[in-house]
Amino acid sequence: MSFDVVFNYILKRTGAGVGAGLEGFRALLARLENPQERYKIVHVAGTNGKGSVNTLMAAVLTAAGYKTGLFVSPHLVSPVERIQIDGENISRQAFSKAVLDVFQEEEEELNFFEILTAAALLYFARQKVQYVVLETGLGGRKDPTNVCTPVACLITSIGLDHTQYLGSSLAQIAFEKAGIIKPNVPVFAGEMALSAREVLRKTAKERNAPLHFVKEGEPFTVAGYDFYRNQTLLHTENGNEWPLHTLGARQAVNACLVYQAAKALGLLDKALKKAFQTVNLPGRFEVISTEKNTWVLDGAHNPQAIEGLMKFWQQSPFGENSALLCGFMKDKDYKKMLSLLCPHFKHIFITVPPSARGAAEADIRAALPKGVKVTFEPDWQQAMRLVKGGGCVLCTGSFYLAGAVRGRIAK
């Protein structure tokens, strides 16, 4: 069965009420001989920053000499990006085989994310990896990745996202994210509101899990940015420079979080420095220059991420006369995101991301701030053509859109 047929089939396994649930998923893994028990796992949850922290953590482990698996979502251009070993994507053939082998043991109908998680865990075991950096899909407590017993847990941030599933307050969302905390397993958490911190403290205490809140300055602060080389220039208190091959205001905090977790795992500065300089984080304030335009691609897809993006945008050299190309998922707070984005751009193009969940024109127009003029083009490829013509274009609002645009630019 071809890769496209396999992936299109599992895409249909989405929607409310679909899935085996945590106990059903555990039973599936037992039939697969518990692949998640054959390697060490670093488990990562959080509202924003998961992709950056996951990818950087995996790069550090690889640089330290460990064969390292990485499971992330969503993908930007191809689904094979979700399952990687030492920075290399799984092949289309191996992806299809792993998914079909999961189907062989299916008793209760699995959902899309359960299938991918099981396929990744199985593939990593067969490839005899030593570490896996495992990203939660939604929340943490009920997430299928929560079947593992990790060697470390990382919780990057807590913000209002997926409120229809995780709760409407930071404390409720923190409770779901804190579900990944395991007895006696160290937890490293990024900067977050006091209400969220207290939930994490309570859960960690109940489970006797050492909890470390990490903030900027432990040990890195930002010395500057090289926007055209996609670099954040970090330094430590004693003046040592650590170039990080990615851009973003939160990348210093992400780097501190990874550093503290890596040191707890016994990894050396040599591996950390190598990973920081070579890591590739597409779709996170990624600057790509073409013959006619400079594109800035960022997958920010909730108000907290958009707010941070706009603060960083104002520090960049791209603000003057730039255009905005954006699109959103219909289950996101795009009204709030538009209110944060629109004041910064005179030329605004809105499209529909290439997903069945993309928000349509009528809904977007109803959510626009008063007096804002936009060009709406539902076909994202045509929208790209409309926005071209010199200057800088920020593409944001959805990883699906940023990934599609990235794939088109690369051609």
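The values are calculated or read from the model by the stated rules, or taken from the named source; none is laboratory data. Owing to the predicted nature of the structure, the values given are computational and were not obtained by experimental measurement. Note that each Cβ is placed from the backbone with ideal geometry, even for glycine, and that neighbours are counted across all protein chains shown. Just so you know, the surface numbers come from the protein's heavy atoms only, side chains and all, with ligands and any DNA or RNA stripped out. Shrake-Rupley method; radii C 1.70, N 1.55, O 1.52, S 1.80 Å.
Model label sites at residue 212 and residue 30, defined 7 Å from Cα along the beta-carbon direction, differ in position by 3.6 nm. Restricted to Cα atoms, the chain shows a radius of gyration and a Dmax of 20.7, 59 angstrom. Among the GluC sites (Glu not before Pro) in the stretch 79-132, those placed in a DSSP loop whose Cβ has at most 14 other Cβ atoms within 10 Å are 107, 108, 109. Each label point was placed 7 Å from the Cα along the Cα-to-Cβ direction; for residue 78 and residue 263 their separation is 3.9 nm.
Stretched out straight at 0.36 nm per residue, the stretch from residue 315 to residue 270 would grow longer than its current Cα-Cα span by 13.1 nm.
Hey, got a sec? Which GluC sites (Glu not before Pro) in the stretch 267-348 land in a DSSP loop and have at most 10 other Cβ atoms within 10 Å? Don't skip to the answer; put the middle values down first.
Numbers: sites: 286, 291, 307, 320; in loops: 291, 320.
Sites meeting the loop and neighbour criteria: 291, 320.
Using the Cβ-Cβ distance between residue 195 and residue 336 with R0 set to 25 Å, the FRET efficiency works out to roughly 0.80.
Across the stretch 287-301, the residues whose backbone nitrogen lies under 20 Å from the label position 7 Å along the beta-carbon direction of residue 228 are 287-297. The stretch 55-179 gives an Rg/Rh value of 0.98, both radii derived from C-alpha positions and Rh following Kirkwood. Here the stretch 53-103 and the stretch 332-411 have alpha carbon centers that stand 29 Å from each other.
I want the antiparallel fraction of DSSP beta bridges within the chain, as a percent rounded to 5.
Values: 19 of 52 bridges.
Beta bridges within the chain, antiparallel portion: roughly 35 percent.
The string of couplings for the stretch 99-106 from the Karplus curve (6.51, -1.76, 1.60, θ = phi - 60°) is 5, 5, 5, 5, 4, 4, 9, 6 Hz, one whole number per residue in order, with x for Gly and Pro. Computed extension length for residue 14-residue 238: 75.6 nm, one decimal, from 0.36 nm per residue of separation with the Cα-Cα distance subtracted. Do any trypsin sites (Lys or Arg not before Pro) in the stretch 301-396 lie in a loop, going by DSSP, with at most 11 other beta-carbon atoms within 10 Å of their beta carbon, and if so which? For trypsin sites (Lys or Arg not before Pro) across the stretch 301-396 that sit outside H, G, I, E and B with at most 11 neighbouring Cβ atoms in 10 Å, the list reads 346, 370, 373.
Sorted from largest to smallest, which semi-axis lengths in Å does the alpha carbon gyration tensor of the stretch 1-134 give for its equivalent ellipsoid, taking the root of 5 times each eigenvalue? Before the final figure, lay out the partial values.
Values: eigenvalues 104, 52, 47 Å².
Three semi-axes, in Å: 23, 16, 15.
Take the alpha-carbon centre of the stretch 219-283, take the same for the stretch 9-49, and report the distance between them in whole Å. About 30 Å separates the Cα centre of the stretch 219-283 from the one of the stretch 9-49.
At 1.4 Å probe radius, can you tell me the per residue accessible area of the stretch 142-293 in Å²?
Numbers: 6920 Å² over 152 residues.
Counting only protein heavy atoms, the per-residue value for the stretch 142-293 is 46 Å².
Cα centroid separation, the stretch 108-134 to the stretch 187-218: 28 Å.
Please report, as a whole percent, how much of the solvent-accessible surface of the chain comes from carbon and sulfur atoms (probe radius 1.4 Å). List each step's numbers first, then the result.
Values: 8570 of 17760 Å².
Solvent-exposed carbon and sulfur of the chain make up 48 percent of the total.
Between rounded, prolate and oblate, where does the stretch 296-411 land on the alpha carbon gyration tensor, with a ≥ b ≥ c its root eigenvalues, rounded for a/c under 1.5, else prolate if a/b exceeds b/c? Rounded, because the longest to shortest axis ratio a/c is under 1.5.
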